[in-house]
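The values are calculated or read from the model by the stated rules, or taken from the named source; none is laboratory data. Worth saying up front: this structure is predicted, and the values here are computed from it rather than measured. As a convention, Cβ positions derive from the backbone with ideal geometry for all residues, glycine included, and neighbour counts pool all protein chains shown.
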Amino acid sequence: MQKTSTSSLPTLTLAALGVVYGDIGTSPLYAFKEAFAGAHPMPLTEANVLATLSILFWCMMLIISLKYVWLVLRFDNQGEGGVLALTALAHRLSQSSPRIAKQIIGWGIFAAALFYGDAIITPAISVLSAVEGLSVATPQFEKLILPITVGILIGLFLVQKHGTGKIGGLFGSVTMVWFIALGILGVGSIIQNPVVLKALNPIYALDFALHYPSATFLVLSAVFLALTGGEALYADMGHFGAKAVRIAWYSLVLPCLIINYFGQGALVLRDAAAVQNPFYLLAPDWFLLPLVALATAATVIASQATISGAYSMTLQASRLGYLPRVRVLHTSDKERGQIYIPTVNWLMLAAVIVLVLQFRSSGALAAAYGIAVSGTMVITTVLASFVIMAGKGKHRTLLLIGFALFGILELGFFGSNATKIASGGWMPLVLGAVIFVLLTTWKQGSALVASQRRKLDILMEGFVSTGLPDVPRVEGTAVYLTSDTTLVPSALFHNLKHYKVLHERILFLHVVNEEIPYVAAEKRLEVKCLCNGIYQVDARFGFREEPDIPAALTRAADFGLEIEAMTTSYFVARSVITDGPGAMPRWQCNLYAWLTRQSEGAAAYYRLPANQVIELGTQVML
């Protein structure tokens with residue numbers, strides 16, 4: 001976790017603007033106009049504009065300012081946020097009830113699957129909505145909107161392998177200029193029509209909801225577009241700390257967003273034709289092209305944040321056992337969190353381009369946006385409520401009442417967004433369902449493989465108690481990777497079968513993926529001597545860490561076990577999946593076998609020296 005000292009707080013706050021608030025900060029490009037020119041447009045009247053602004057303002061105050069920024073940021077997992085971190089925290093608190101623990105994991109994994117839908121739609125809708133400003137400036141540019149958008153997106157994904165370290169320092173500065181521009185444009189419009197300030201009164205929202213419940217239900221899907229960065233805000237808190245995130249929100253982001261939305265409301269009351277693109281029409285003609293450039297830069301930054309979030313989510317899912325090992329490249333020598341996953345990058349690029357070419361406008365994409373995020377928000381509320389119930393706090397009852405109200409409002413958002421399923425909302429749900437099947441298939445298949453091995457392998461206790469086979473012992477150290485400390489690794493039997501020798505020192509090494517972000521160095525290893533020259537070694541890593549077994553073994557000296565790196569061999573078993581007795585459906589077995597083939601080898605994943613690894617295959621029937 002990164003600490004927020006007094007000296008670093010301003011720097012962290014500026015950096016948080018670019019990463020944490022990139023998503024929610026670009027919502028003014030498309031959120032307000034969706035209420036009056038979207039899938040379910042309302043008549044453009046003063047009463048409707050005031051009601052929409054009032055609903056938007058109070059939803060932002062309740063869901064973002066109160067729930068996320070003030071309350072949910074307190075539910076960190078050793079400084080890390082996000083739905084997977086919250087799931088791990090809730091799961092630890094539910095160990096006494098296996099049924100509840102299983103449900104918590106299921107909800108959390110489905111929320112993580114929905115996150116990928118958000119991560120794919122955000123670059124598409126953000127960049128497309130920014131480039132659409134060209135058609136406002138010059139109608140002749142309208143035919144170039146799609147090619148320019150696709151070009152920018154391709155460039156964005158191509159540079160991912162170089163990392164964001166060199167340009168990361170610019171993110172906060174550009175986003176700060178963006179928010180200031182939002183505020184200035186909004187103030188200029190509000191001055192010309194200050195009647196919109198009446199919407200600060202919650203009576204306008206409540207009165208509209210009471211008299212027009214059906215219209216309120218539909219307008220919630222448009223209002224929700226202004227809140228879609230809430231989950232990203234929570235997920236990125238670990239980079240900067242909760243204090244920096246809160247200061248950035250209350251001091252700059254919230255005021256500028258509200259002022260801009262109210263400015264757009266004032267504009268459409270003066271000129272009904274402006275509803276087709278109220279954001280860009282706030283700007284004077286001379287500032288239109290610079291604003292397009294600034295908006296494009298801001299949306300690229302917002303897209304970068306969600307792309308990086310997808311990398312982090314994939315890595316965390318792999319650490320927790322819901323995805324196979326994936327190839328992870330680190331793009332910075334100083335920042336461990338700056339990673340690049342090629343497979344995820346190219347799959348996301350293909351999906352984003354398909355979205356842009358299929359939907360062709362930010363308005364059409366808005367129909368697909370929102371349902372995934374609203375579903376994730378509901379699940380976050382459920383998980384946070386469980387953590388509150390399982391904890392011991394003097395304000396527990398009050399917090400539970402508050403989260404119950406948040407849940408009711410968010411269910412309204414989800415239901416409202418569900419009305420857009422036929423016009424595009426199906427896409428993130430289908431994507432989320434597919435990813436959920438992948439995640440759960442890998443977890444289930446891995447558990448079945450482990451079960452099959454337990455039936456075939458010899459118990460460690462019996463192996464140690466009966467003594468070692470009468471075979472020669474050769475110099476050096478043999479490290480056998482094992483996923484189950486109660487069983488003798490099958491690789492050892494293969495070694496005995498083919499070479500009929502054992503090493504002088506044998507380490508049965510078990511990698512433990514903890515449900516915490518980081519493991520302290522002094523707790524990295526646990527070493528236990530089993531018998532003559534044989535040791536059980538547990539290497540512990542947090543889900544935000546990179547497993548490095550050779551580096552971890554250097555701490556074995558603390559336990560009196562000296563390991564010479566150059567005389568150490570690593571033995572790894574690799575499973576080959578075949579059809580078996582039907583423990584899994586045939587299609588799921590084939591899917592698990594395919595995922596196994598895509599998995600990165602243990603040698604590269606655990607940073608084992610390539611010239612000291614012996615890999616032995618074992619056939620497993622499912």
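Across the range 386-398, which residue is surrounded by the fewest Cβ atoms within 10 Å (Cβ to Cβ) among those that are touching a Leu at 6+ places or on another chain (Cβ under 9 Å) and in a helix (DSSP H, G or I)? Checked the range 386-398; the qualifying residue surrounded by the fewest Cβ atoms within 10 Å (Cβ to Cβ) is M389. A count restricted to the range 598-622 and to residues that are at pLDDT 80 or above and under 27 Å from the mean Cα position of the chain (by Cα) stands at 6.
Only a single criterion out of (1) surrounded by fewer than 19 Cβ atoms within 10 Å (Cβ to Cβ); (2) in contact with a strand residue (DSSP E or B) (Cβ under 9 Å, 6 or more places away or on another chain); (3) hydrophobic (A, V, I, L, M, F, W, C) is not satisfied by F493, namely (2).
There is no residue in the range 326-335 that is in contact with a helix residue (DSSP H, G or I) (Cβ under 6 Å, 6 or more places away or on another chain), of a type in the set (S, T, Y) and under 25 Å from L197 (Cα atoms).
Checking L616, L561, L507 one by one, the residue that is under 23 Å from Y480 (Cβ atoms), crowded, with 20+ Cβ neighbours inside 10 Å and hydrophobic (A, V, I, L, M, F, W, C) is L507 and no other.
Screening the candidates V511, V519, V537, V527 for the property of being at pLDDT 90 or above and closer than 28 Å to Y340 by Cα yields one hit, V511. Any residue at all in the range 465-485 that's in contact (Cβ under 8 Å) with a residue 12 or more places away in the chain, more than 45 Å from the chain's Cα centre (by Cα), assigned to a strand (DSSP E or B) and surrounded by 14 or more Cβ atoms within 10 Å (Cβ to Cβ)? There is at least one residue in the range 465-485 that is in contact (Cβ under 8 Å) with a residue 12 or more places away in the chain, more than 45 Å from the chain's Cα centre (by Cα), assigned to a strand (DSSP E or B) and surrounded by 14 or more Cβ atoms within 10 Å (Cβ to Cβ). Restricted to the range 18-35, and to residues there that are at pLDDT below 85 and assigned to a helix (DSSP H, G or I), the residue that is farthest from the chain's Cα centre (by Cα) is G18.
Do you know which of the residues in the range 448-492 that are polar (S, T, N, Q) and assigned by TED's automatic domain parsing to the domain that holds R607 is nearest to P609 (Cα to Cα)? Spell out how you get there, then give the answer.
In the first step, residues of the range 448-492 are kept if they are polar (S, T, N, Q); the result is 451-452, 465-466, 477, 482-483, 485-486, 490.
Of the ones still in play, those that are also assigned by TED's automatic domain parsing to the domain that holds R607 are 465-466, 477, 482-483, 485-486, 490.
Working: S465: 33, T466: 33, T477: 14, T482: 18, S483: 20, T485: 23, T486: 27, S490: 21 Å.
That would be T477.
Tell me which residues, restricted to the range 251-284, are among the aromatic types (F, W, Y) and modelled with pLDDT of 95 or more. Across the range 251-284, the qualifying residues are Y261, F262.
Based on what the data block shows, is I203 in the same structural domain as A130 (by TED's automatic domain parsing), in a helix (DSSP H, G or I) and more than 25 Å from A293 (Cβ to Cβ)? Yes.
L509 meets all of the listed conditions (1) within 28 Å of A85 (Cα to Cα); (2) touching a Lys or Arg at 6+ places or on another chain (Cβ under 6 Å); (3) among the hydrophobic types (A, V, I, L, M, F, W, C) but one, namely (2).
Within the range 414-428, the set of residues being surrounded by 19 or more Cβ atoms within 10 Å (Cβ to Cβ) and outside any loop (DSSP other than H, G, I, E, B) comprises F414, S416, N417, G424, G425, M427, P428.
No other residue among L84, L71, L146, L158 is under 25 Å from G432 (Cβ atoms) and either of a type in the set (A, V, I, L, M) or at pLDDT 85 or above (or both) apart from L84. Candidates T299, T314: the one that is of a type in the set (S, T, N, Q), in the same structural domain as Y30 (by TED's automatic domain parsing) and within 14 Å of the chain's Cα centre (by Cα) is T314.
Number of residues in the range 67-109 that are basic (K, R) and farther than 29 Å from L254 by Cα equals 3.
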